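Scroll down for the structure; my scribbles are underneath it.
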Amino acid sequence: MYIVDRTLTFVRGFIMSYGPSSIKKRLWDKEFSGTKWDFINNTVGDCVYPYLEKYANNGNILDLGCGPGNTANELAAHVYQSYIGVDISEAALAKAVKRTEENGRAGKNRFVNSDFLGYDPIQDFDIILFRESMYHVPYGQVLPILTKFSNYLKSTGVFIVRLKAGDHRRPNVIKTRVTAKLDLIKREFDIVESRQFDLPGVPIVLVFRPRRQN
């Protein structure tokens, strides 16, 4: 049974990262239409929020892979002017829109149904956030995706990546694929802040911006 579960998990993860957008959308919609992701419905106090508050500059935030709208509704409303959340799942975005309307943030928050790997913004941002979503970006696409979205950062803007690095099957082991992606970012970009938290899942927050040309 363990081998079967491991195989199914691997296949799911492979499709989520490398599959066609249409198949990824169906999988994510199915999961967000059920109860699989209910445990993330409340993430108030998450370690990423102080960094968002610090760098938002009362400006614009782009959240790539926004899910059911946690960031859009849990981040302090006074620290940002506008927020765009992008997600491939219509089911997740339906939850995000509902929460936004209930919280009176419809004038600040907007959501776009798209595979964020192919999304093209029409404005610049103070923060471009990958909250766990970087996990599903294939390693070979990490640098191209960040290079692309660098064009939509303000001169003082930053990328913020929040990733759960721990392996739930082996609590003291950091996932190799997470380490590889973070090491790549550290080699290619200017790191502003980096911290690994001693919390369940071993979350890591990395703040960085495009490397300045000498």
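So, of the residues in region 30-52 that are surrounded by 15 or more Cβ atoms within 10 Å (Cβ to Cβ) and aliphatic (A, V, I, L, M), which turns out to be farthest from residue 132 (Cα to Cα)?
The qualifying residue farthest from residue 132 (Cα to Cα) is 52.
Considering every residue within region 145-167, establish whether at least one is in a helix (DSSP H, G or I), within 15 Å of residue 66 (Cα to Cα) and not acidic (Asp, Glu).
No - not one qualifying residue is present in region 145-167.
With respect to residue 79, determine if the residue is surrounded by fewer than 20 Cβ atoms within 10 Å (Cβ to Cβ), touching a Leu at 6+ places or on another chain (Cβ under 9 Å) and at pLDDT 95 or above. Spell out the reasoning first.
Details: surrounded by fewer than 20 Cβ atoms within 10 Å (Cβ to Cβ): yes; touching a Leu at 6+ places or on another chain (Cβ under 9 Å): yes; at pLDDT 95 or above: yes.
The answer is yes for residue 79.
Suppose the filter is surrounded by 13 or more Cβ atoms within 10 Å (Cβ to Cβ), at pLDDT 75 or above and over 25 Å from residue 198 (Cα atoms); does residue 59 pass it? Let's see the steps before the verdict.
Numbers: surrounded by 13 or more Cβ atoms within 10 Å (Cβ to Cβ): yes; at pLDDT 75 or above: yes; over 25 Å from residue 198 (Cα atoms): yes.
In short, yes.
Within region 183-199, can one find any residue that is surrounded by 14 or more Cβ atoms within 10 Å (Cβ to Cβ), under 23 Å from residue 85 (Cα atoms) and out of contact with any Gly (no Cβ under 9 Å at 6 or more places or on another chain)?
Scanning region 183-199 turns up at least one residue that is surrounded by 14 or more Cβ atoms within 10 Å (Cβ to Cβ), under 23 Å from residue 85 (Cα atoms) and out of contact with any Gly (no Cβ under 9 Å at 6 or more places or on another chain).
Give the residue that is modelled with the lowest pLDDT, with candidates limited to residues of region 10-42 that are over 17 Å from residue 93 (Cα atoms) and over 20 Å from the mean Cα position of the chain (by Cα).
10
Among the residues of region 76-88, write down those that are out of contact with any strand residue (DSSP E or B) (no Cβ under 8 Å at 6 or more places or on another chain) and either part of a loop (DSSP other than H, G, I, E, B) or under 11 Å from residue 131 (Cβ atoms) (or both).
Matches in region 76-88: 76 only.
Which of the residues belonging to region 132-166 are under 29 Å from residue 199 (Cα atoms) and in contact with an Asp or Glu (Cβ under 7 Å, 6 or more places away or on another chain)?
143, 157, 162, 163, 164
With (1) modelled with pLDDT under 95; (2) part of a helix (DSSP H, G or I); (3) of a type in the set (A, V, I, L, M) as the list, and residue 52 as the residue in question, which single condition is left unmet?
Unmet condition: (1).
Looking at region 96-133, which of the residues that are crowded, with 20+ Cβ neighbours inside 10 Å and charged (D, E, K, R) is modelled with the lowest pLDDT?
Only one residue fits best here, namely 131.
The values are calculated or read from the model by the stated rules, or taken from the named source; none is laboratory data. This structure is a prediction, so every number in the text was calculated from the model and none was measured. Using ideal geometry, Cβ is built from the backbone for each residue, glycine included, and neighbour counts are taken over all protein chains shown.
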